[in-house]
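Colleague: Dumping the structure here so I can ask a few things about it.
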Amino acid sequence: GAVVSQHPSRVICKSGTSVKIECRSLDFQATTMFWYRQFPKKSLMLMATSNEGSKATYEQGVEKDKFLINHASLTLSTLTVTSAHPEDSSFYICSALGASGVRHEQYFGPGTRLTVT
Amino acid sequence: AQSVTQPDIHITVSEGASLELRCNYSYGATPYLFWYVQSPGQGLQLLLKYFSGDTLVQGIKGFEAEFKRSQSSFNLRKPSVHWSDAAEYFCAVGPSQTGANNLFFGTGTRLTVIP
């Protein structure tokens, strides 16, 4: 149980275009999902917290107009990178907060490798 | 503000040898502490966590970690490493004094296992 998927696993897009990444909790409902960005040889950096039915909470320094997050259902959150540039190339990881109520019980997706050319 | 330090970027051990991965944290109180493992193509998997109580916690895959308040550390150990343990390991802290469920990660330690 507690499986989180991401789609696509890899995506290449041209500079200036937008790309959407999906994060799904497959066998549980997640009112809260998190989006991280992982740079090479760096830590996972929390970008935003996504709550179902409400606006996402962005971390300091993350442009909310560039990284659009939608948590339209209890099993799906999407991250849209708008007007992508090469510096947006990165590994994006989502996680879903477990439904058991245990603090910080996050289940992670396998990540999406974004390359902007 | 909380922070996590993993001083070792890369560690190489021989199969069968013991392993210790270091993690130090900075937080105003005792945070919730976690170790995750990341293998290529797979999501981060929780190895173990510490919330309170016994400072030596057992996890999956034969891993254990010890919380030392005096050293602000939560080092991960395994007595005998297997080749399949080669992966990236992340220490993380979760705020214990707020209701937030977000995690803050260290920079990771890449483990290489040689035959």
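Colleague: May I ask for the net charge around B:F104, where only other residues with Cβ less than 15 Å from the Cβ of B:F104 are counted and Lys, Arg are +1 while Asp, Glu are -1? Walk me through the intermediate numbers first.
Modeller: Numbers: positive: A:R37, A:K42, A:R103, B:K49; negative: A:E59.
Net charge around B:F104: +3.
Colleague: Something else: For the stretch A:1-45, what's the relative contact order in percent, using C-alpha pairs closer than 8 Å and at least 6 residues apart?
Modeller: Working: 34 pairs, mean separation 17.5, N = 45.
Here the relative contact order equals 39 percent.
Colleague: Average partner chain C-beta neighbours within 10 Å, per residue of B:39-46?
Modeller: 5
Colleague: In the stretch A:5-67, what is the count of Lys pairs whose alpha carbons are under 23 Å apart, counting only pairs at least 8 residues apart or on separate chains?
Modeller: Going through the stretch A:5-67 pair by pair, I get 9.
Colleague: What does the charge count near B:F63 come to, summing +1 for each Lys or Arg and -1 for each Asp or Glu among other residues with Cβ under 12 Å from its Cβ? Display every interim value, and only then the final one.
Modeller: Values: positive: B:K49, B:K61, B:R77, B:K78; negative: B:E20, B:E64, B:E66, B:D85.
Here the count lands on 0.
Colleague: Average the reciprocal distances over every distinct pair of alpha-carbons in chain A, invert the result, and give the Kirkwood radius in Å.
Modeller: Averaging 1/r across every pair of different Cα atoms and inverting gives 14.1 Å.
Colleague: In µm²/s, what is D for chain B at 10 °C and 1.306 mPa s, where D = kT/(6 pi eta Rh) by Stokes-Einstein and Rh is the Kirkwood radius from Cα pairs?
Modeller: So the translational diffusion coefficient is about 112 µm²/s.
Colleague: Residues of the stretch B:78-96 with backbone nitrogen within less than 13 Å of a virtual label 7 Å along the Cα-to-Cβ line of B:E20, please, listed as ranges.
Modeller: Correct set: B:78-79.
Colleague: Now a separate question. Find which of A:G98, A:T82, A:F108 sits farthest along the positive direction of the dipole of the stretch A:61-117, computed with +1 on the beta-carbon of Lys and Arg, -1 on that of Asp and Glu, about the Cα centre.
Modeller: In the stretch A:61-117, that residue is A:G98.
Colleague: What's the ranking of B:51-61, A:76-86 by average number of surrounding C-beta atoms within 10 Å, highest first?
Modeller: Ranked from most to least packed, the peptides come out as A:76-86, B:51-61.
Colleague: With an 8 Å cut-off on Cα pairs and a minimum separation of 6 or more residues, tell me the relative contact order of chain A in percent.
Modeller: With pairs under 8 Å counted, the relative contact order is 36 percent.
Colleague: Now for a separate question. Compute, for chain A, the length of the dipole vector about the Cα centre, with Cβ point charges of +1 (Lys, Arg) and -1 (Asp, Glu) only. Units Debye, rounded to 20.
Modeller: Charge dipole of chain A: 280 debye, to the nearest 20.
Colleague: How crowded by other chains is A:97-110, given as the mean number of beta carbons from other chains within 10 Å of each beta carbon?
Modeller: 5
Colleague: Which order do the peptides B:20-27, A:48-55 take when ranked by the mean count of other beta-carbon atoms within 10 Å per residue, highest first?
Modeller: Ranked by mean Cβ neighbours within 10 Å, highest first: B:20-27, A:48-55.
Colleague: Distance in nm between label sites at B:T5 and B:W83, each 7 Å beyond Cα in the beta-carbon direction?
Modeller: Result: 3.6 nm between the two label points.
Colleague: A follow-up question, please. Let me confirm one metric for peptide B:106-113, namely the mean number of other chain beta-carbon atoms within 10 Å of its residues' beta-carbons.
Modeller: What the average comes to for B:106-113 is 2.
Colleague: Mind ranking A:87-100, B:79-92 by how tightly packed they are, going by the mean number of other C-beta atoms within 10 angstrom, highest first? Could the numbers behind the result be given before it?
Modeller: Numbers: A:87-100: 20.3, B:79-92: 18.1.
So the peptides A:87-100, B:79-92, ranked by packing, come out A:87-100, B:79-92.
Colleague: Would you mind computing, in nm to one decimal, how far apart the modelled labels at B:S39 and A:S100 are, each placed 7 Å from Cα along Cα→Cβ?
Modeller: Going by the 7 Å Cα→Cβ label model, 2.1 nm.
Colleague: Distances longer than 18 Å among the Cα atoms of the stretch A:1-45: what percent of all pairs is that? Can you show the working numbers first?
Modeller: Details: 471 of 990 pairs.
Everything past 18 Å amounts to 48 percent.
Colleague: Can you give the Rg/Rh ratio of the stretch B:19-77, where Rg is from the C-alpha atoms and Rh is the Kirkwood radius?
Modeller: Rg/Rh: 0.97.
Colleague: Less than 14 Å Cβ to Cβ from A:H71, Lys/Arg counted +1 and Asp/Glu -1: what total charge do the surrounding residues give? List each step's numbers first, then the result.
Modeller: Working: positive: A:K20, A:R24, A:K55, A:K64; negative: A:E22, A:E52.
That sum, taken over residues with Cβ under 14 Å, equals +2.
Taken together, the values in this text are just the output of simple stated rules run on the coordinates, not laboratory data. What you are looking at is a predicted structure, and each value in this text was computed from that prediction instead of being measured. A quick note on method: Cβ atoms are made from the backbone with ideal geometry, for glycine too, and the neighbour counts reach across all protein chains shown.
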